[in-house]
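*Asks:* Starting off with a structure, shown below.
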Amino acid sequence: MKKLFSSSVGQKLIMSLSGLFLITFILVHLLLNLLLLVGPEAYNKAVHFMATNPLMHLMEPVLAAGFIFHIIYATILTLQNQKARPEAYAVVDQSESSSWASRNMYVLGGLVFIFIALHLVNFFFKMKFGVGGDLPKVVYEGIKMDDAYPLVSGLFKVWWYAVIYVIGAVLLALHLRHSLWSALQTLGMNNSNLRPILENISILYAVIIGLGFSIIPIYFLIS
Amino acid sequence: MNLTLKIWRQENEKAQGKFVTYEVKDISPDSSFLEMLDILNEQLVNKIQLPIAFDHDCREGICGMCSLYINGRAHGPDEGITTCQLHMRKFSDGDIITIEPWRSRGFPIIKDLMVNRDAFDNIMQSGGYISVNTGGIPDANSIPISKENSDLSMDAAACIGCGACVATCKNSSAMLFVSAKVSQFALLPQGRTEAKIISNIARMNREFLCANFS
Ligand code: HEM
Ligand code: SF4
Ligand code: FES
């Protein structure tokens, strides 16, 4: 167990498992938010379901822990990686040996983190803790719930918020481009047949997440 | 071909290194990269200057001694080869070529372009266990190894320990080398014959309640 947190393989395993957990979360998060395109009722009901579901309450601290582990070990590994080559090459051509995203995972992750902080201020704290005043209420089929829809649609009427959210989605997509297959490789899933397949799935997943999260602000901006 | 070479020169591990620019003229496109450096070294020696230190041994792509980081790539611009198999036809007349040593904390520079790759030997020794008996060649069938395992092990043994993976990896990781060696060794019963003997001795000690002090 001690080796898990200290050996390079163990630390990479923590990155992989926390990353895969975040990957699952972000997909669920996207599917929920795509309901915004369906309409206020579908979205509000889904938000209500999430807010009242005990399993989701249980998962919230787990999700926070997932982020914390991921970020702490990303920092440890990135610092170690930098120490591993004290003197940099004068001329470097890594175009054939690694992707741009893979070389900039910490920068991309850091920018995603800044975006997440803004995102929490915009939505999470307002929906969850009523920061900035309680949300208006709506009643569907006799059940009273928060009307979260105008909060989102209103924010994206501000063009620069829409732009920031599209940039956030693109940064996340770039991070994810190197994530899914790398996480699976860490778990041992790699050979010359699997590698191209997994890498393509990774790219597809990144494109879905990037486009999915971009459509929402663009939709509200132009509608 | 006439070329401009920017070569890393460093007196020893502790010294501060720097790039020095050299011009070489009339190099045949058919000469190898190391031959081109030989020509440069000959010129330096003739001018009573210190030749450039670089590693090489077999010059036929099997030993893994040659190790140059050329224009930003380990073993240069060609695919799937070692530096000694790189030929000047891969370059054009008038090119500027930057030549650096492998750069990694695990590979300290000995001199100029030569690095110390002891780390690789230490890794191999840490996982291995063999006894080296003097005398005649051991009988070929004394340790049976299945054909399948020996083939897979030989595949992994294609790693010649050149260090290009460490030099190339953006994180300077030796994972590729270590995985090749783990596969190569783990598929062989290496050490297990000795391990058996050790367990035999342990058993003897238990059976006869005595230690073997010989
Ligand atoms: C929703 C957000 C995020 C998701 C879904 C995610 C997902 C992933 C996944 C799956 C991996 C691959 C793990 C592996 O290679 O085994 C990864 C790697 C990485 N992540 Fe994230 N991540 C997120 C946010 C962040 C943040 C906020 C940071 C840093 C502040 C970060 C930094 C890194 C770094 C540096 C790596 C590379 C680690 C390495 O392979 O050495 N990530 N991420
Ligand atoms: S695995 Fe690394 S050390 Fe072994 S041959 Fe390949 S590049 Fe050289
Ligand atoms: S000198 Fe032996 S592989 Fe290049």
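The values are calculated or read from the model by the stated rules, or taken from the named source; none is laboratory data. This is a predicted model, so every value here is computed, not measured. A quick note on method: Cβ atoms are made from the backbone with ideal geometry, for glycine too, and the neighbour counts reach across all protein chains shown.
*Asks:* Answer yes or no: is there a residue in segment B:93-100 that is within 14 Å of chain A (Cβ to nearest Cβ) and within 16 Å of ligand 2 (Cβ to nearest atom).
*Replies:* no
*Asks:* Quick check on segment B:53-69. Is at least one of its residues touching a Phe, Trp or Tyr at 6+ places or on another chain (Cβ under 6 Å), at pLDDT 95 or above and of a type in the set (S, T, N, Q)?
*Replies:* Yes, that holds for at least one residue.
*Asks:* Checking B:Gly80 against (1) surrounded by fewer than 22 Cβ atoms within 10 Å (Cβ to Cβ); (2) on the phi < 0 side of the Ramachandran plot; (3) within 15 Å of ligand 2 (Cβ to nearest atom), which test does it fail?
*Replies:* Only one criterion in (1) surrounded by fewer than 22 Cβ atoms within 10 Å (Cβ to Cβ); (2) on the phi < 0 side of the Ramachandran plot; (3) within 15 Å of ligand 2 (Cβ to nearest atom) is unmet by B:Gly80, namely (2).
Yes/no per residue for (1) surrounded by 15 or more Cβ atoms within 10 Å (Cβ to Cβ); (2) free of Cβ contacts under 8 Å to residues at least 60 places away in the same chain; (3) in contact with a strand residue (DSSP E or B) (Cβ under 9 Å, 6 or more places away or on another chain):
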position	(1), (2), (3)
A:Ser7	no, yes, no
A:Ile23	yes, no, no
A:Pro40	yes, no, yes
A:Lys45	yes, no, yes
A:Pro54	no, yes, no
A:Glu60	no, yes, no
A:Gly66	yes, yes, no
A:Ala74	yes, yes, no
A:Ala90	no, yes, yes
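*Asks:* Name the residue that is surrounded by the fewest Cβ atoms within 10 Å (Cβ to Cβ), counting only residues in segment B:144-178 that are of a type in the set (Gly, Ala, Ser) and in contact (Cβ under 8 Å) with a residue 40 or more places away in the chain.
*Replies:* B:Gly161
*Asks:* Please find, within segment A:163-206, the residue that is nearest to ligand 3 (Cβ to nearest atom) out of those that are part of a helix (DSSP H, G or I) and within 14 Å of chain B (Cβ to nearest Cβ).
*Replies:* In this case the residue turns out to be A:Arg195.
*Asks:* Here is a further query. Filter segment B:47-62 down to residues that are away from ligand 2 (no atom under 11 Å from the Cβ) and either among the hydrophobic types (A, V, I, L, M, F, W, C) or in contact (Cβ under 8 Å) with a residue 24 or more places away in the chain (or both), then give me how many there are.
*Replies:* So the answer is 10.
*Asks:* If I ask for residues that are assigned to a helix (DSSP H, G or I) and surrounded by 17 or more Cβ atoms within 10 Å (Cβ to Cβ), which ones from segment B:87-101 would you list?
*Replies:* B:Met88
*Asks:* Kindly state which helices (runs of 4 or more DSSP H) lie completely within segment A:77-151 and contain at least 1 residues that are of a type outside the set (D, E, K, R), within 14 Å of another protein chain (Cβ to nearest Cβ) and more than 16 Å from ligand 2 (Cβ to nearest atom).
*Replies:* In segment A:77-151, A:100-103, A:105-119 are the helices (runs of 4 or more DSSP H) which contain 1 or more residues that are of a type outside the set (D, E, K, R), within 14 Å of another protein chain (Cβ to nearest Cβ) and more than 16 Å from ligand 2 (Cβ to nearest atom).
*Asks:* If you take the residues in segment B:1-47 that are surrounded by fewer than 11 Cβ atoms within 10 Å (Cβ to Cβ) and within 14 Å of chain A (Cβ to nearest Cβ), which one is farthest from ligand 1 (Cβ to nearest atom)?
*Replies:* Going through the qualifying residues, I end up with B:Thr21.
*Asks:* Which count do you get for residues in segment B:64-123 that are within 15 Å of ligand 3 (Cβ to nearest atom) and touching a Pro at 6+ places or on another chain (Cβ under 6 Å)?
*Replies:* 2
*Asks:* Also, quick follow-up: Can you tell me which of A:Phe123, A:Phe129 is surrounded by 15 or more Cβ atoms within 10 Å (Cβ to Cβ) and at pLDDT below 90?
*Replies:* Exactly one of A:Phe123, A:Phe129 is surrounded by 15 or more Cβ atoms within 10 Å (Cβ to Cβ) and at pLDDT below 90, namely A:Phe123.
*Asks:* Continuing with the same structure: Sort out which residues of segment B:68-86 are facing chain A (nearest Cβ under 8 Å) and assigned to a loop (DSSP other than H, G, I, E, B), and write them in order of number.
*Replies:* Those that are facing chain A (nearest Cβ under 8 Å) and assigned to a loop (DSSP other than H, G, I, E, B): B:Asn71, B:Gly72.
*Asks:* Can you pull out every residue in segment B:16-46 that is free of Cβ contacts under 8 Å to residues at least 12 places away in the same chain and assigned to a strand (DSSP E or B)?
*Replies:* B:Lys18
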